[in-house]
Amino acid sequence: MKTVRAVMIEGYGGVDAARVATVPPPVAGPGQVLVHVQAAGLNGLDWKVREGYVRDAYPLALPAVLGIELAGTVAALGPGASRFQVGDRVFGPLGGLGAYADVVAVPEAHLSPTPAALADVAAAAIPVAALAAWQSLTLAGPVRAGQRILIHGAAGGLGGYAVQFAKRAGATVIATAAGRHAAYVRDLGADHVINYETQRFEEQTTAVDLILDYVGGEVLDRSWPVLSATGVIVATSSPDILRRTPPGRRGLWFTMKPDAALLERLAHDVAQGRLQARVAEVVPFTDLPAAIERHRTAPHRGKVVADFSL
């Protein structure tokens, strides 16, 4: 194999900045395995990296291959790698960029075995969204029964998991979503759904203990007044949240950390039907640049996944 396909950027920009190219195949380093990628999940970080929106939070050497989560088969072991064998099905977050390539070198510690009941497309939809939802939900401390939690972007892959985790913990879950996704978000467990297309959430709720802001932009600035006196906002889409936090308020910037053991447990919950994981759209590899742009411009319900066999 002299080259592999990859979706990469050579500079920051709009939809045309991401393109399909060929690159040399990677070599597995110490503690890494080579994964023959079968599917990869799309994330909001893809277009934010492409446009340079998070360049300060995530310094990047260009050119760079996009993509942060994958599912596939172990193709080779690097020095010292011993958790998996060639041929094992695995999935997980990279802990960096590079998942949109046919073959990827991944630290074996970041990967989990793929449950037999899950196809690769289904598995690729889980890692980043499920881990980030759990970790962001608990970043400010354990969730308490009766706690009021507002989740912005509740219909997306990340928000959908957060709604379920918060409800499991006994919280009162308030969610913002497009009106056409309201029934889906209620089915996940939300107690109150606010249609952001026709309602302003700050006029619909107050005294919120925890806000999970998976949207960013002006939504963050509008969220401070609805917090309780001791409330906190955890943001995944606003790297500058600390600068934008008003005096007397508490805001936390969140970044996901790979956790193979937690991911394995959550994937088994999905496989056994205890946790809903919706794949909203499956796209072919060559459609990835366009799909990244659609992810930026159109609200979606669940995860978008690229199937590399299409």
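The values are calculated or read from the model by the stated rules, or taken from the named source; none is laboratory data. Predicted model, so just to flag it, every value in this text is computed and none were measured. Cβ atoms come from the backbone with ideal geometry, glycine included; neighbour counts cover every protein chain shown. Protein only, heavy atoms only, side chains kept; ligands, DNA and RNA dropped before computing areas. Shrake-Rupley method; radii C 1.70, N 1.55, O 1.52, S 1.80 Å.
For the stretch 268-293, enumerate the residues that are open to solvent by less than 40 Å² (accessible area, probe 1.4 Å) and assigned to a strand (DSSP E or B).
Scanning the stretch 268-293 gives a single hit, VAL283.
I'd like the full set of residues that are assigned to a loop (DSSP other than H, G, I, E, B) and among the β-branched types (Val, Ile, Thr), limited to the stretch 206-261.
Residues satisfying the conditions are THR206, VAL215, THR236, THR245, THR255.
Return the only residue of ARG89, ARG83 being basic (Lys, Arg), on the phi < 0 side of the Ramachandran plot, in contact with a strand residue (DSSP E or B) (Cβ under 9 Å, 6 or more places away or on another chain) and buried (at least 18 other Cβ atoms within 10 Å of the Cβ). Break it down stepwise before answering.
Values: ARG83 fails: buried (at least 18 other Cβ atoms within 10 Å of the Cβ).
Unique residue meeting the criteria: ARG89.
Quick one: which of VAL283, VAL270 is of a type in the set (Val, Ile, Thr) and in contact with a strand residue (DSSP E or B) (Cβ under 9 Å, 6 or more places away or on another chain)? Working first, answer last.
Working: VAL270 fails: in contact with a strand residue (DSSP E or B) (Cβ under 9 Å, 6 or more places away or on another chain).
Answer to the selection: VAL283.
Among the listed residues ALA21, ALA105, which satisfies the condition of being outside any loop (DSSP other than H, G, I, E, B) and more than 22 Å from the chain's Cα centre (by Cα)?
Values: ALA105 fails: more than 22 Å from the chain's Cα centre (by Cα).
Matching residue, one of ALA21, ALA105: ALA21.
Which of the residues spanning the stretch 234-264 are modelled with pLDDT of 95 or more and among the polar types (S, T, N, Q)?
THR245
Any idea how many residues of the stretch 223-253 are in contact (Cβ under 8 Å) with a residue 24 or more places away in the chain, within 19 Å of ARG144 (Cβ to Cβ) and under 19 Å from the mean Cα position of the chain (by Cα)?
Residues in the stretch 223-253 being in contact (Cβ under 8 Å) with a residue 24 or more places away in the chain, within 19 Å of ARG144 (Cβ to Cβ) and under 19 Å from the mean Cα position of the chain (by Cα): 2 in total.
Residue check, LEU97 against (1) within 16 Å of VAL121 (Cα to Cα); (2) without any contact (Cβ under 8 Å) to a residue 60 or more places away in the chain, all met but one. Which one?
Checking LEU97 against (1) within 16 Å of VAL121 (Cα to Cα); (2) without any contact (Cβ under 8 Å) to a residue 60 or more places away in the chain, the one that fails is (1).
Name the residues in the stretch 219-243 that are hydroxyl-bearing (Ser, Thr, Tyr) and in contact with a strand residue (DSSP E or B) (Cβ under 6 Å, 6 or more places away or on another chain), would you? Explain how you work it out, then say what you get.
Pass one, the stretch 219-243, residues hydroxyl-bearing (Ser, Thr, Tyr): 223, 228, 230, 236-238.
Hits for the stretch 219-243 are SER223, SER228.
One line per residue, one yes/no per condition, for (1) among the aliphatic types (A, V, I, L, M); (2) open to solvent by 10 Å² or more (accessible area, probe 1.4 Å); (3) farther than 30 Å from VAL37 by Cβ:
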position: ALA105; (1), (2), (3): yes, yes, no
position: THR114; (1), (2), (3): no, yes, no
position: LEU131; (1), (2), (3): yes, no, no
position: GLY141; (1), (2), (3): no, yes, yes
position: GLY153; (1), (2), (3): no, yes, no
position: GLN164; (1), (2), (3): no, yes, no
position: THR172; (1), (2), (3): no, yes, yes
position: GLY179; (1), (2), (3): no, yes, yes
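Quick one: which residue in ARG265, ARG301, ARG250, ARG296 is open to solvent by 20 Å² or more (accessible area, probe 1.4 Å), farther than 16 Å from LEU131 by Cβ and out of contact with any helix residue (DSSP H, G or I) (no Cβ under 6 Å at 6 or more places or on another chain)? Talk me through it step by step, then tell me what you get.
Numbers: ARG265 fails: farther than 16 Å from LEU131 by Cβ; ARG301 fails: out of contact with any helix residue (DSSP H, G or I) (no Cβ under 6 Å at 6 or more places or on another chain); ARG296 fails: out of contact with any helix residue (DSSP H, G or I) (no Cβ under 6 Å at 6 or more places or on another chain).
Going through ARG265, ARG301, ARG250, ARG296 in turn, just one is open to solvent by 20 Å² or more (accessible area, probe 1.4 Å), farther than 16 Å from LEU131 by Cβ and out of contact with any helix residue (DSSP H, G or I) (no Cβ under 6 Å at 6 or more places or on another chain): ARG250.
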